[in-house]
Amino acid sequence: MMDIHEILRLLPHRYPFLMVDRVLEIDKGKRIKALKNVTINEPFFMGHFPYRPVMPGVLMIEAMAQAAALLSFDAMGKTPDDKSVYYFAGIDGARFKRPVEPGDQLVMDVTLERSRAGIFKFKGITRVGEEVACEAELMCTVRMIA
């Protein structure tokens, strides 16, 4: 388990771009299960769409990537610092199966498939209840900045 205080310590994201509220489970170096509560107060709902608010698919992918970053840091036994940045390197096979609306709770289940030369490949599935909302393969990397 990881609460919001630990998440804020590990991820550089802040409101309105922090997409992980809590880590429910973590299996070191293998898998993470994280939660995002979706509320009507999310800033993107004002324009997407005003009469039928739906969470943009790219933000569901971002939520999975943030969960993947937390898994990576845990797997490496490292805490990020101001000399490194965790980036997306690729997204494959993204599928959106169900709209996500205010009041839904996203549960992201992200598994580390492999790690080589600082590049991590993950498989992510996001559910609302028992229904799959989104799935994708994600590649991420940690890079040093000058």
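The values are calculated or read from the model by the stated rules, or taken from the named source; none is laboratory data. Computed from a predicted model, the values in this text were never measured in an experiment. Don't worry about glycine lacking a Cβ; one is built from the backbone with ideal geometry, like all the others, and counts go over all protein chains shown.
Suppose we filter SER72, SER115 for residues that are in a strand (DSSP E or B) and either out of contact with any strand residue (DSSP E or B) (no Cβ under 9 Å at 6 or more places or on another chain) or modelled with pLDDT under 95 (or both); which single one remains? I'd like the intermediate steps shown before the answer.
On the way: SER72 fails: in a strand (DSSP E or B).
Just one listed residue meets the conditions, SER115.
Give the residue, chosen from VAL107, VAL20, VAL58, that is in a loop (DSSP other than H, G, I, E, B), at pLDDT 95 or above and not charged (D, E, K, R).
Working: VAL107 fails: in a loop (DSSP other than H, G, I, E, B); VAL58 fails: in a loop (DSSP other than H, G, I, E, B).
Of VAL107, VAL20, VAL58, the one residue that is in a loop (DSSP other than H, G, I, E, B), at pLDDT 95 or above and not charged (D, E, K, R) is VAL20.
Report, ordered by the first and then the second residue, all pairs with beta carbons closer than 9 Å, sequence separation of six or more or different chains, a first member in region 73-101 that is surrounded by 11 or more Cβ atoms within 10 Å (Cβ to Cβ), and a second member that is among the aromatic types (Phe, Trp, Tyr) and in a strand (DSSP E or B).
Close Cβ pairs (under 9 Å, with a partner that is among the aromatic types (Phe, Trp, Tyr) and in a strand (DSSP E or B)) amount to PHE73/TYR86; ALA75/PHE120; PRO80/TYR86; ALA89/PHE120.
Just to verify a result, which residue in region 28-55, among those that are basic (Lys, Arg) and assigned to a loop (DSSP other than H, G, I, E, B), is surrounded by the fewest Cβ atoms within 10 Å (Cβ to Cβ)? Please lay out each step first, then the result.
Applying the first criterion (basic (Lys, Arg)) to region 28-55 yields 28, 30-31, 33, 36, 52.
Still in the running and assigned to a loop (DSSP other than H, G, I, E, B): 28, 30, 52.
Details: LYS28: 11, LYS30: 13, ARG52: 9.
Top of the filtered list is ARG52.
Take region 12-27 and flag every residue that is free of Cβ contacts under 8 Å to residues at least 40 places away in the same chain and farther than 14 Å from THR39 by Cα.
First pass over region 12-27, keeping only residues free of Cβ contacts under 8 Å to residues at least 40 places away in the same chain: 14-16, 21-22, 25, 27.
Of everything in region 12-27, those that are free of Cβ contacts under 8 Å to residues at least 40 places away in the same chain and farther than 14 Å from THR39 by Cα turn out to be ARG14, ARG22, GLU25, ASP27.
Restricting attention to region 109-146, which residues are hydrophobic (A, V, I, L, M, F, W, C) and either under 21 Å from LEU24 (Cβ atoms) or crowded, with 20+ Cβ neighbours inside 10 Å (or both)? Outline the logic, then answer.
Here is the first cut: in region 109-146, the residues hydrophobic (A, V, I, L, M, F, W, C) are 110, 112, 117, 119-120, 122, 125, 128, 132-134, 136, 138-140, 142, 144-146.
Within region 109-146, VAL110, LEU112, PHE120, PHE122, ILE125, VAL128, VAL132, ALA133, CYS134, ALA136, LEU138, CYS140 qualify.
Based on this model, can you work out whether GLU135 counts as closer than 19 Å to VAL54 by Cα, out of contact with any strand residue (DSSP E or B) (no Cβ under 7 Å at 6 or more places or on another chain) and not β-branched (Val, Ile, Thr)? Talk me through it step by step, then tell me what you get.
Values: closer than 19 Å to VAL54 by Cα: yes; out of contact with any strand residue (DSSP E or B) (no Cβ under 7 Å at 6 or more places or on another chain): no; not β-branched (Val, Ile, Thr): yes.
Against the criterion (closer than 19 Å to VAL54 by Cα, out of contact with any strand residue (DSSP E or B) (no Cβ under 7 Å at 6 or more places or on another chain) and not β-branched (Val, Ile, Thr)), GLU135 does not qualify.
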